[in-house]
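Here is the structure we will look at.
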Amino acid sequence: MTHLPYAATVGVVPATTPESIHRTSPDLDLPERLSYRVKRRLLWPPLTNNQLKHERLSKFLALGVLAPDCISSSAYGTEQILIALLPAAALGAFVLVLPITGVVIAILVLLTISYRQVVSVYTKAGGSYVVARENFGPRVAQIAAVALMIDYVVTVAVQTAAGTVAVVSAIPALGPHSLQISVGVILLLCWGNLRGIKEAGKAFAIPTYLFAFVAGTMIVVGIIRQLMGNLPQLDPTHNPDVVIGHSNGFVMGATLFVVLKAFANGGSSLTGLEAISNGVGAFKSPEGVNARKAMLIMACTLGFLVSGVSLMAHFTHASPYKEGFPSVISQETRQVFGYGVFGNIFFYAVQAATALILYTGANTSFNGFPFLASFVAEDAFLPRQLRKRGHRLVFSNAIIMLAAIALVLIVVTDSKLDALVPLYAIGVFTGFTMAGFGMAKHFKRGGGRGWRRKMGVNLVAGTTSLIVVLIFAIVKFTEGAWVVVILFPVMVFALIRLNREYRTEAEILRSLDSDKLSAGTKFSHHTVLVFVDVLDLASIEALRYGQSLRPSSLRAVHFVLDTEHATRLQARWEATAEIVPLELVDCPDRRLGRAALETIAREALPRTEVTVLLPRRSYSSVLGRLLHDRTADRIARIISRVPNATATIIPFDTGAKIAAVERRRRGLSQPRSGAVPGDLPGTDLHASGAPSDLHPSVPADGNGNKVLAGRPNGSTRNAILKYAAPEPPMTALPICDLVSGDACDVQGRVRTVQVGSLGGSPTFNCEIVDSTGIVVVQFYGRKSVAGIAPGRLLRVQGRSLRRGGGYVIANPDYQLLSAD
């Protein structure tokens, strides 16, 4: 319990009569939109910001979530090598596959050492992008950003297509429906991740360990059977569904181009290695240590599986089929376990685990891409919407964008794995290159123990990755890599151009013109113009707001586009709202923007400020939006260019009013006394122009701060509950039950905080809410109170005294509570 030495007051919601509620509190009818109700059903209730720290993953869970992309590539990496070797090397391909796999494993070891250093130094999510940004600057870092974004998008498509191959390998009858299966899986992954990383992680971690177990068992049993001499071997030379050469295999297969092409295909086995560094921010503390251990476990698992699958291919001669299925790993499983009851069970278990890990391997992108996009957007190289967390504390916009692009890619390629792989490794190894060179520069600049050794390792890793990028771009250029080669610089330029636009806008908005600032205090005349088209409730609300500004001059302006309409408007105006003069402005060419500028120009006298109020009627349905234009927005943009002129849009929810009228017609609700002016037709505009007459009165405390008084009525209480107001605990007093002069102990969630003043001294105000009411706490003499922020649970103790429309607690004690 913390005791404050400062005097403080607390304004609360007292228990009052229904009459006082109508007199002091507006009827807040805030029904949830259909889209939000659907979202809640699909994604579950929203998570609050203070739950973000709990959305971290343990080392075990994070490995399961982030490793599938990397580990699952062992299911098709060997097959891609054989696709390049068999047409040229024939049976010699099953010998050459081993040394090529060995080179891939050597690169895996080198990159693992480099990335373990990355996650140790850069413990925030971002991986090679953050490394490049910190060591080469934000512009050069966009090369890494584009590389990773391409990698993530293609990963979703490749992993999904490969998973579908595993499915149709087990159930060939599903082969014609491969595209539909892939599309459905991407949509399912998108939905799972929109629900939140923690929930998705629990489901997606299982396939990682299941696949590692069944694939590892198949490899171990296969090696044992080979040593015992009873492992059967296939003969692909007599299989018409296998593309295999018939020349001298070793001579043709040993040509440089074929070997490089096979190596480039095998490089796809290393995709996903960067996932842990890109998602290190998802680990529980200490992030760097946990990510380093997970990286080592993932690399060892991948190395064992890739080597084992290639070794099994060498032993069994399992070959890739023209149609893409059955897969090599499924053929190996059949040879190892046979066709008996146990063999069939294990075969389907391997296929199910393979399909699951390949599908969930795509989930790695849904975890890594949003983090990367948020970093790039934070640096103003991507739209800022990508850094906003959504309904379930995930970067929803980035997840939806990733799914949409991946769906386009999977549809264009008809879910064919061979068509997707050429797009794959360029982005992956470009990221490796940037990470390697970036870490080398980091250790050279920072020094430290063993910096020369660390710099050398990263230089070798970066150089090797760069060589792989060049090899892949050359040997795969005609097979689809040209798309990435062309798209890469275009995207880098686009990101830099977007950043320049953001920087230009920021410079303009940050620039302070001292002359304009000083001129702002010299206005002696304030003219308010309300642009009206018809006399309706929206126009009346705008006029009332204009009166509340207490201008020197207030006029309604109508631009005459239709003479008969203008005549009818003038007649109705004179009969209803003559207190505010109506000015008719001729607009013969119907150019509203120019007419508005000319009207403002006439008012732009020295030391005069002009405010234009534009009623805008909003409509809830799609049909309403189609039936009405956005004239107010266009005029506002034009007016904003005029010096000393301000455009203010006054929104009016027409859809809500229509719904209210329908309810009244059906007798579901009755107009209440003290209703908000303008709720019903025939509102009298002759009332005083004082602000208290324009809006429902809200009581103020002794310092002029607004306080909601009374137990909230039904709709107001619903609005509070939607804020996630907690129920008062048994040990605390409900806010609505406070009694003047009694000791009180209330508990609620901080809804708002504000700094005010009292007698020349600062005051720190915070509004607390529970499910029964609202309380405003005021700490005298302070501009802030450590720990008190929106969303925080707070307990306040003191003695309540009634003051004005609320209560006061002098010199309160307070306690900061955990969100749990």
Shape category assigned to segment 126-176 from the gyration tensor of Cα positions, a/c cut at 1.5: prolate
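Let me know the shape class of segment 74-190, please: from the alpha-carbon gyration tensor, a ≥ b ≥ c as square roots of the eigenvalues, rounded when a/c is under 1.5, otherwise prolate if a/b is greater than b/c, or oblate.
Working: a/c = 2.73, a/b = 1.36, b/c = 2.00.
Cα axes put segment 74-190 in the oblate bin.
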Under-5 Å amide H pairs with residue 424, H placed in peptide plane, nonlocal only: none
Percent accessible area from carbon and sulfur atoms, segment 748-809, protein chains only, probe 1.4 Å: 49 percent
Accessible area of residue 371 in the full protein assembly, 1.4 Å probe (Å², nearest 10): 40 Å²
Protein accessible area in segment 348-497, 1.4 Å probe - carbon and sulfur %: 70 percent
Residues of segment 355-508: accessible area per residue with a 1.4 Å probe, Å²: 43 Å²
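Of the peptides 361-369, 97-105, how do they stack up when ordered by the mean number of other Cβ atoms within 10 Å, highest first?
Highest to lowest by the protection proxy: 361-369, 97-105.
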Among 642-650, 459-467, the order from most to least packed when residues are scored by Cβ within 10 Å on average: 459-467, 642-650
Ranked packing of 375-385, 529-539, 434-444, most packed first, by mean Cβ within 10 Å: 434-444, 529-539, 375-385
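Classify segment 364-499 as rounded, prolate or oblate, taking a ≥ b ≥ c as the square roots of the eigenvalues of its Cα gyration tensor: rounded when a/c is under 1.5, otherwise prolate if a/b is larger than b/c and oblate if not. Write down the numbers at each step before the final one.
Details: a/c = 2.12, a/b = 1.21, b/c = 1.76.
It comes out oblate by the Cα gyration axes.
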Pair residue 757, residue 493: separation of 7 Å Cα→Cβ label points (nm): 5.5 nm
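Pairs 284/454; 284/783; 388/476: which exceed 30 Å Cα-Cα?
Checking Cα-Cα distances, 284/783; 388/476 exceed 30 Å.
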Distance between modelled label sites at residue 404 and residue 524, nm, 7 Å Cα→Cβ extension: 5.5 nm
Check: segment 283-407 dipole with +1 on Lys, Arg Cβ and -1 on Asp, Glu Cβ, in debye: 420 debye
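The values are calculated or read from the model by the stated rules, or taken from the named source; none is laboratory data. What you see is a predicted model, and the numbers here were worked out from it, not measured in a lab. Methodologically, a virtual Cβ is constructed for each residue, glycine included, from the backbone with ideal geometry; neighbour enumeration extends over all protein chains shown. Remember, those area values only see protein heavy atoms, side chains included, never the ligands or the DNA or RNA. Shrake-Rupley method; radii C 1.70, N 1.55, O 1.52, S 1.80 Å.
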